[in-house]
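Have a look at the structure below, then the notes.
The values are calculated or read from the model by the stated rules, or taken from the named source; none is laboratory data. All values derive from a computational prediction rather than experimental measurement. Cβ sites come from the backbone with ideal geometry, for glycine too, and all protein chains shown count toward neighbours. Surface areas here come from the heavy atoms of the whole protein model, side chains and all, with no ligands, DNA or RNA. Shrake-Rupley method; radii C 1.70, N 1.55, O 1.52, S 1.80 Å.
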Amino acid sequence: MATLKDIGAELGLSAATVSRALNGFPEVNIKTRDKVRETAERLGYRPNRVAQRLVTGRSGMVGMIIKIRADMSADQTFFEMLTGLTAALGARDVDLVLAVDQDDDPVLPYRKLMERDILDGFILNAPVPDDPRVAFLREKGIPFVMHGQTAPDVDYACYGIDNAAVSEDAVKLLASLGHKRIALLNGQLRYAYAVDRLRGFRDAIDAEGLVVPDAFVAANAETEMDAYKTALSMLSGRDGARPTAMICASTLIAAGVIRAAKDRGLRVPEDLSVMAHDDALPLMRAVSFDPALTVTRAPLRDACVPLANLLIDFVSGAPAEQKIDRAELIVRASTGPVPREEQDPWPLT
């Protein structure tokens with residue numbers, strides 16, 4: 001097994017400089033750190049965890065708390081993130097420690113893990129507005145990175161997508177196709193991403209000069225069956241004209257909407273345009289829908305490397321960074337022009 005001296009001999013550096021580079025000390029420039037890491041990987045170097053902690057005060061382990069539903073299930077997004085984060089952290093020789101949260105107090109599992117004094121920081125997911133975990137970890141001086149944001153402008157380390165823009169891009173596309181009766185099947189508003197998507201939807205609807213009744217905005221769909229029932233009601237036309245286009249929080253929700261449309265005798269996209277946000281999950285591929293789904297696409301896997309690097313760099317002394325990307329708009333066969341007979345907006349009362 002290679003040693004620090006072996007790496008140093010290869011690069012013409014001292015063992016002390018190699019050690020500082022591998023441990024992310026800021027006095028070693030980024031170019032040298034990258035060369036040292038590449039050489040260490042090529043030579044098969046594996047650090048001594050005990051010695052590493054004595055030198056740096058860091059364990060090389062970060063934590064993530066997962067929320068398990070009452071039925072002990074975890075959704076597909078969690079497993080996609082777990083595999084991606086494990087690989088991304090492992091590439092920088094950091095281990096991921098998992099714990100389960102089944103408590104009503106969102107801070108308690110973090111407090112328990114911190115009592116063991118084994119973690120360098122945390123990766124947080126599923127942020128909520130005014131998330132109590134943020135205040136708690138900052139008060140304790142514990143580094144963390146958030147997947148997503150609790151508000152549009154934050155000063156802690158985070159990586160995510162512009163969720164308001166997800167809705168804005170969807171509304172703009174559908175409006176360009178002539179749709180005036182656009183519905184939103186949003187995520188639950190206890191989550192920050194859903195709050196942002198609702199805000200983006202409302203802003204885009206106003207910008208297009210459209211009016212959407214409250215009955216066309218739903219935030220109660222977590223499962224395909226929830227979406228099916230909600231869409232079935234919206235498409236009944238009981239409270240006036242039905243929507244001609246529906247924006248879905250996920251591909252899972254879109255599956256329920258398309259099933260409801262078929263049961264109402266509606267064709268997609270001839271009678272109803274459907275689009276969704278796509279996290280690119282293996283078992284729910286938007287391109288495999290019939291018809292293939294138009295989406296705003298942001299694969300969860302793409303978040304793993306930035307999250308890992310932001311946290312490791314922050315732990316190593318770099319400033320907290322915020323990186324927010326815009327989801328890619330991919331137009332496929334599930335969206336089309338508004339039906340000719342539905343081109344005029346219905347009278348709202």
Checklist outcome for this item: Counting only helices (runs of 4 or more DSSP H) entirely within the range 66-169, those with at least 1 residues that are among the aromatic types (Phe, Trp, Tyr), touching a Phe, Trp or Tyr at 6+ places or on another chain (Cβ under 8 Å) and within 24 Å of residue 196 (Cα to Cα) are 132-140
Checklist entry - Of all residues in the range 91-113, how many are over 29 Å from residue 45 (Cα atoms), open to solvent by 40 Å² or more (accessible area, probe 1.4 Å) and touching a strand residue (DSSP E or B) at 6+ places or on another chain (Cβ under 9 Å)? => result 5
Item to check | Of all residues in the range 318-335 being open to solvent by 70 Å² or more (accessible area, probe 1.4 Å), within 14 Å of residue 148 (Cα to Cα) and not in a strand (DSSP E or B), the one that is modelled with the lowest pLDDT | outcome: 321
Item to check | Residues located in the range 293-317, provided they are surrounded by 15 or more Cβ atoms within 10 Å (Cβ to Cβ) and not in a helix (DSSP H, G or I) | outcome: 293, 294, 295, 296, 297, 298, 299, 300, 316
Next on the checklist: Tell me yes or no: at least one residue of the range 251-272 is touching a residue at least 40 places away in the same chain (Cβ under 8 Å), surrounded by 24 or more Cβ atoms within 10 Å (Cβ to Cβ) and more than 28 Å from residue 79 (Cα to Cα).
Outcome noted: no
Next on the checklist: For the range 42-59, which positions are at pLDDT 75 or above and surrounded by 12 or more Cβ atoms within 10 Å (Cβ to Cβ)?
Outcome noted: 43, 45, 59
Checklist entry - When you scan the range 273-285, how many residues do you find that are aliphatic (A, V, I, L, M) and open to solvent by 10 Å² or more (accessible area, probe 1.4 Å)? => result 4
Next on the checklist: Just the residues that are assigned to a helix (DSSP H, G or I), open to solvent by 10 Å² or more (accessible area, probe 1.4 Å) and out of contact with any strand residue (DSSP E or B) (no Cβ under 8 Å at 6 or more places or on another chain), please, taken from the range 170-192.
Outcome noted: 172, 176
